[in-house]
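Worksheet: the structure to be examined is printed underneath.
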Amino acid sequence: MSDYGIIIKNNSGEVQIDSVYKNYALNQSGSQAMVGVAEYVNFTDVSTPPIFATKANASYYHCHPHFEISGSDYTRALILSEGAYTLYWKLFTSGQVLSLPSYGLVIRNSSNEIVFSSADTWLKIKGVYSRLVAYGATSDVTVVDADNNYFILTDHSWDLRSIEYPPYWDYYYRARGIKYINSTTIRIGTFIWQEGTVGGEITDSAWFNDCVLIEIGV
Amino acid sequence: MSDYGLKVFDSGGNVTLDLTDNITRLRYSNVVSGGASSSTTLSDIDGKSTCQFGIALENNKTPHGVTRSGTTISWTARAGYTTRPSSNTLVLVFLYD
C-alpha cells in the first residue's frame, strides 16, 4: 500500500481508488450485426491492454476468444457466434480516456500517470462467478442484471469433431459461450459456431471445465 | 448521506461512482509467449479479491489458462491435440476490493 496519496473505500470497506493502480474506464462502445460464424468487431486502436465485454443474447450463444494486435496496438476483437443477432459491446482500458475535466477530481500515481479521473465512466465489477462446465453441459448463473450489464467469459474452450455421413464426414467447431435466459440468469453452454464437410474423421479439442463469468456494469 | 467515501457526479448531475460500487484496478498485465507456462507472486494481493484471465493474441490458437493460488498467479499453456497450438496470451489481473 502506498504511504502517500489517497485511498477511497466503498461502504463495504473495499478499496475503489488508490494512488498506485490504474482504474479501468469505458473507452468505446458499439453494436454490430453478427451473421453467426467467426467475425471481428473493429474498434479504434488502443495501446493499453483492453477488456472487451458483451451483452448476452437471448437466442444465440457467443464468446470472445481473441484480440487482434498490430505492433503494440489492440485493433479488433474476434467473436464466435451461434447465429445472427446484434452484438452490443464495450471496451475498457486503463487510465484517463476522456479529455481532462475542467472540474472534479484527478488522481495520479508517483509516475504522474492518471489513475482516476472523475470525468471517466468506470468499469464496475458486479459479480465474479466460477463454474465447472463440461463439454456439452450447461450451467445457469444467477447474475445481478442480465438486461443491462455486460459479461466476460473466460477461459476459452473449443472442440472440433466430425461425424460420418457416407461418403462424407460433417465437422463441427464448438466453443463455450453465454446466452441470456432472463433478467437475472445467464447460461454458460456449448454451441456450434462453424460446420462443414470433410473427407475423414477429425477429433481435436482444448476443453477445460473450469471457467469464470465476470459481470460488469458501468 | 454517508460521512465517508466518495460520490462522483457527471456534469449532468448523474452519479457515476457511488459508495456501493466496486470499481476495478489493474494490478498486473503481461503478454506471455505461446507454449510457455510460468507464474508470478504478487504479495500485495494477499487478502484481496482479484479476477484474472487470459485472452489469445493469435487467431486459431488456444489461450493460456490463468489461475490464482494464494498470492501466486499462474499461466498454463494450453493447446489442441493436433491443431490450434498455444497462443501468445494477454494475462490480466484485476483487484476489485
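Look at (1) more than 8 Å from chain A (Cβ to nearest Cβ); (2) modelled with pLDDT under 95; (3) loosely packed, with under 14 Cβ neighbours inside 10 Å and you find that B:Ser2 fails only one, number (1).
Residues that are on the phi > 0 side of the Ramachandran plot and either more than 8 Å from chain A (Cβ to nearest Cβ) or in contact with a Ser or Thr (Cβ under 6 Å, 6 or more places away or on another chain) (or both) within the stretch B:5-47 comprise B:Gly13, B:Gly35, B:Gly47, listed in sequence order.
With the condition being basic (Lys, Arg), I'd like the strands (runs of 3 or more DSSP E) fully within the stretch A:45-111 carrying at least 1 qualifying residues.
A:73-81, A:85-94, A:106-108
Please go through (1) touching a residue at least 40 places away in the same chain (Cβ under 8 Å); (2) surrounded by 20 or more Cβ atoms within 10 Å (Cβ to Cβ) for B:Thr62 and return the number of the only condition it doesn't satisfy. Among (1) touching a residue at least 40 places away in the same chain (Cβ under 8 Å); (2) surrounded by 20 or more Cβ atoms within 10 Å (Cβ to Cβ), B:Thr62 violates only (1). The residue that is modelled with the highest pLDDT, counting only those in the stretch B:46-71 that are of a type in the set (Val, Ile, Thr) and closer than 24 Å to A:Gly13 by Cα, is B:Thr71. For the subset of the stretch A:119-132 comprising residues that are assigned to a loop (DSSP other than H, G, I, E, B) and either at pLDDT 80 or above or under 22 Å from the mean Cα position of the chain (by Cα) (or both), which member is farthest from A:Thr190 (Cα to Cα)? Step by step, filter the stretch A:119-132, then rank; the result is A:Asp120. When A:Phe208, A:Phe151 are checked against the criterion of being surrounded by 15 or more Cβ atoms within 10 Å (Cβ to Cβ), over 22 Å from B:Thr82 (Cα atoms) and within 14 Å of chain B (Cβ to nearest Cβ), a single residue qualifies: A:Phe151. If I ask for residues that are among the β-branched types (Val, Ile, Thr) and crowded, with 22+ Cβ neighbours inside 10 Å, which ones from the stretch A:109-140 would you list? The answer is A:Val115, A:Val133.
Filtering the stretch A:169-205 to residues that are of a type in the set (Gly, Ala, Ser) and either within 14 Å of chain B (Cβ to nearest Cβ) or more than 23 Å from B:Phe53 (Cβ to Cβ) (or both) leaves A:Ala175, A:Ser183, A:Gly196, A:Gly199, A:Gly200, A:Ser205. Only one of the listed residues (A:Val37, A:Val15, A:Val46, A:Val41) is closer than 21 Å to B:Val93 by Cα, out of contact with any helix residue (DSSP H, G or I) (no Cβ under 9 Å at 6 or more places or on another chain) and in contact (Cβ under 8 Å) with a residue 40 or more places away in the chain. That residue is A:Val46.
Among the residues in the stretch A:21-37, are any within 27 Å of A:Ser117 (Cα to Cα), assigned to a strand (DSSP E or B), over 16 Å from the mean Cα position of the chain (by Cα) and within 12 Å of chain B (Cβ to nearest Cβ)? So far as the stretch A:21-37 goes, yes, one or more of its residues are within 27 Å of A:Ser117 (Cα to Cα), assigned to a strand (DSSP E or B), over 16 Å from the mean Cα position of the chain (by Cα) and within 12 Å of chain B (Cβ to nearest Cβ).
A:Asp45 - would you say it is acidic (Asp, Glu), more than 13 Å from every other protein chain (Cβ to nearest Cβ) and either surrounded by fewer than 19 Cβ atoms within 10 Å (Cβ to Cβ) or farther than 30 Å from A:Tyr173 by Cα (or both)? Judged against the criteria, A:Asp45 is a match. Criterion applied to A:Tyr60, A:Tyr74, A:Tyr88 was being surrounded by fewer than 17 Cβ atoms within 10 Å (Cβ to Cβ), modelled with pLDDT of 85 or more, not assigned by TED's automatic domain parsing to the domain that holds A:Ala146 and not aliphatic (A, V, I, L, M), and the one residue passing it is A:Tyr88. Taking (1) in contact (Cβ under 8 Å) with a residue 40 or more places away in the chain; (2) over 16 Å from the mean Cα position of the chain (by Cα); (3) within 22 Å of A:Ser59 (Cα to Cα) in turn, A:Gly177 satisfies each apart from (2). Of all the residues in the stretch B:70-93, those that are over 20 Å from A:Ala175 (Cα atoms), more than 7 Å from every other protein chain (Cβ to nearest Cβ) and not in a loop (DSSP other than H, G, I, E, B) number 6.
The values are calculated or read from the model by the stated rules, or taken from the named source; none is laboratory data. Computed from a prediction, not measured in an experiment: that's the story for all the values here. Ideal geometry is used to build each Cβ from the backbone, glycine not excepted, and the neighbour counts take in all protein chains shown.
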